[in-house]
Amino acid sequence: MAGAGSSIGRLRGEVSGFVGRRSELAAIRAALGGARLVTLCGPGGIGKTRLAVRAAWEARRAFGDGVWLVELASLRDPALLASEVARGVGLLDQSAGWAVATLSEHLAGRQALLVLDNCEHLLDAYAQLAGGLLSSSPGLRVLATSREPLGVPG
């Protein structure tokens, strides 16, 4: 679902109201303003996804080229991470080998936010993908959620 005022991207809508956590949202906003990679880390069930989606929704105007949410909980093969993210941003080619280069090319020169949800089971693949995308796309920011620290500088 593209957000109001945003013509590109996809965020899911909230089912219920969002109450509290203003300090956490402010901290995420500040982190996204100063770092290109931000991770919300903590145990399952504490609301990392909901907080990330809300923060992305509130920040969407700063990312004129799009804000995308890619949910990774069901992805079991780390080798398919780049392809899954490519599909998440609207690239439809189904081949696996092209994904990182094509995704980097697609995001290069764009002011975009990529929200990657549930990365904990894809640590090595995530580190490689995030590093590659961030090095080739200076206007890209990544907001990730994970139950474990991802160990990626940024």
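Restricting attention to segment 42-72, the residues being closer than 23 Å to Leu107 by Cα and either touching a helix residue (DSSP H, G or I) at 6+ places or on another chain (Cβ under 7 Å) or in a loop (DSSP other than H, G, I, E, B) (or both) number 13. Close contacts from segment 105-124, counting a first residue that is in contact (Cβ under 8 Å) with a residue 12 or more places away in the chain and a second that is part of a strand (DSSP E or B) and small (Gly, Ala, Ser), with Cβ to Cβ under 7 Å and a gap of 6+ residues or different chains, come to Leu116/Ala144; Cys119/Ala144; Cys119/Ser146; Glu120/Ser146. All of (1) of a type in the set (Gly, Ala, Ser); (2) modelled with pLDDT under 90; (3) under 19 Å from Gly66 (Cβ atoms) hold for Gly151 with one exception: (3). Under 8 Å between Cβ atoms, which residue pairs at least 6 apart in sequence (or on different chains) link something in segment 44-64 that is at negative phi with a partner that is in a loop (DSSP other than H, G, I, E, B) and buried (at least 20 other Cβ atoms within 10 Å of the Cβ)? Cβ pairs passing all conditions: Val53/Leu11; Ala56/Leu11; Trp57/Leu11; Arg60/Leu11.
Of all residues in segment 134-153, those being without any contact (Cβ under 8 Å) to a residue 40 or more places away in the chain and either part of a strand (DSSP E or B) or surrounded by 15 or more Cβ atoms within 10 Å (Cβ to Cβ) (or both) number 2. Scanning segment 100-133 for residues that are assigned to a loop (DSSP other than H, G, I, E, B) and under 16 Å from Leu72 (Cα atoms) yields Asn118, Cys119. Entry remark, segment 130-151: residues being of a type in the set (S, T, N, Q) and within 10 Å of the chain's Cα centre (by Cα) number 1 in total.
The residue list Ala82, Ala96 contains one member that is part of a helix (DSSP H, G or I) and at pLDDT below 95, which is Ala82.
Could you please let me know if Leu114 is at pLDDT 95 or above, crowded, with 19+ Cβ neighbours inside 10 Å and either under 13 Å from the mean Cα position of the chain (by Cα) or not acidic (Asp, Glu) (or both)? Walk me through it before giving the result.
Values: at pLDDT 95 or above: yes; crowded, with 19+ Cβ neighbours inside 10 Å: yes; either under 13 Å from the mean Cα position of the chain (by Cα) or not acidic (Asp, Glu) (or both): yes.
For Leu114, the condition - at pLDDT 95 or above, crowded, with 19+ Cβ neighbours inside 10 Å and either under 13 Å from the mean Cα position of the chain (by Cα) or not acidic (Asp, Glu) (or both) - is met.
The values are calculated or read from the model by the stated rules, or taken from the named source; none is laboratory data. It should be emphasised that the depicted structure is a prediction, and the values quoted were computed from it without experimental measurement. Note that we place each Cβ from the backbone using ideal geometry, even for glycine, and neighbour counts take in every protein chain shown.
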